[in-house]
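Beneath this line is the structure, given in structure tokens, with notes to follow.
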Amino acid sequence: MALLTPEDLDNLSAQFEESESTIERVTGSKLTDICKELYGKDLGSEKVGIIPITAGNGIISNFTSSLLFIAQRLGLEGFITQHTDVAGYYEAIRDGADILLMADDHLFIAHNLRNGKLVTNHEATGIIYSEIASRFKDAASSEILVIGLGRVGYAGAKHLAEKGFDVYACDPNRDFLDKAAYELGIKEYCKEDRKKFSMVFEATPNANTITEGMIAERCLVSTPGIPCGLPQEVGRKYRVDLVMEPLFIGVTSMLYSVI
């Protein structure tokens, strides 16, 4: 997946509220209720320590403040450490954090210091977005299309396969496709089959990955991808329900998964 930019996080609250409204309308459940069912637990009074990391390309200007907003929106106490990196890690532990959130160019993790649970954002994001797609109330069948089999897409495809869905996938990387077919039993999507899907989980960093030949009328597309893989004109033509938001949904999944 592509690295976030400050612009991606502008109006985070409005972006989430729009997606939350769509999620509840097309699945019948709020995001937090889906997470409760998915992970079998509810958030309590956990304290979240958010650590700025300067490695690689450095700190995204509003990333840590966005994480704090999400934690507080979920009813958790949170704080951003004044120090960065190792000093920030020490500060978070010293000041009583139960869960740590931190990210560099390669990994974004949540670590629960009380029970030892550790999760990456790509895994938690793949699971929750694929779960949302799989709950589409108006789905015509158990067939679901996964577009992109990188770290996020593979995690979602694995989750769907384990739930018993009939999973089709496409990816330009032949090795990724072969790996998913062998390990998960997914089927390769072939446009010549003219199969259309009412549930789509898109997990790529590319625009316009979704074509008219893939989707059914009034389908659900669930994607954390930036930019959006659904062309606007295709979305309008097929009256697609779109769930897309850059951070809130994935971080919510992270926090629930480590409780």
>> For the chain, take the longest principal axis of its alpha carbons; what is the angle in degrees between that and the long axis of helix 151-163, to the nearest 10 within 0 to 90?
In response: 70 degrees
> Going through region 213-259, which trypsin sites (Lys or Arg not before Pro) have at most 11 other Cβ atoms within 10 Å and a DSSP loop state?
Replying inline: R239
>> Suppose accessible area is computed on protein heavy atoms with a 1.4 Å probe; arrange C35, C190 from highest to lowest.
In response: C190, C35
> In Å and whole numbers, how far do the C-alpha atoms of the chain stretch along each principal axis, longest first?
Replying inline: 58, 37, 33
> So how do S13, S45, S21 rank on accessible area, 1.4 Å probe, biggest first, that is with the largest at the start?
Replying inline: S45, S21, S13
> How many percent of DSSP beta bridges within the chain run antiparallel, rounded to 5?
Replying inline: 25 percent
> Got a number for the accessible area of T209? Probe 1.4 Å, square angstrom, nearest 10.
Replying inline: 30 Å²
> Probe 1.4 Å, all protein chains in place: accessible area of S141 in Å², nearest 10?
Replying inline: 50 Å²
> What's the center-to-center distance, using Cα atoms, between region 194-256 and region 17-44 in Å?
Replying inline: 18 Å
> Counting only heavy atoms of protein chains, what accessible area per residue, in Å², does the chain have with a probe of 1.4 Å?
Replying inline: 46 Å²
>> Restricting to DSSP H runs of at least four residues, report the calculated mean residue ellipticity at 222 nm for the chain, -39500 (n - 2.57) per run over all residues, nearest 500 deg cm²/dmol.
In response: -11500 deg cm²/dmol
> What are the ³J(HN,Hα) values, in whole Hz, obtained from phi via the Karplus relation 6.51 cos²θ - 1.76 cosθ + 1.60 with θ = phi - 60°, for each residue of region 84-90 in sequence order, with x given for Gly and Pro?
Replying inline: 10, 6, 4, 5, x, 4, 4
> What ranking of E143, E162 comes out by heavy-atom accessible area, probe 1.4 Å, highest first?
Replying inline: E162, E143
>> Given a 1.4 angstrom probe, I'd like the percentage of the accessible area of the chain that is carbon and sulfur, rounded to a whole number.
In response: 49 percent
> Relative contact order, percent, of the chain when contacts are C-alpha pairs under 8 Å separated by at least 6 residues?
Replying inline: 21 percent
> Points 7 angstrom from Cα along the Cβ direction at Y90 and L118: gap in nanometres?
Replying inline: 2.1 nm
> What ratio of Cα Rg to 2.2 N^0.38 Å holds for region 102-225?
Replying inline: 1.07
> For region 52-189, what is the charge dipole size about the Cα centre, in debye to the nearest 20, if Lys and Arg each add +1 at the Cβ and Asp and Glu each add -1 at the Cβ?
Replying inline: 260 debye
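The values are calculated or read from the model by the stated rules, or taken from the named source; none is laboratory data. Keep in mind that this is a model prediction, so the values were computed, not measured. A quick note on method: Cβ atoms are made from the backbone with ideal geometry, for glycine too, and the neighbour counts reach across all protein chains shown. What goes into the accessible areas is simple: the full protein's heavy atoms, side chains included, and nothing from ligands, DNA or RNA. Shrake-Rupley method; radii C 1.70, N 1.55, O 1.52, S 1.80 Å.
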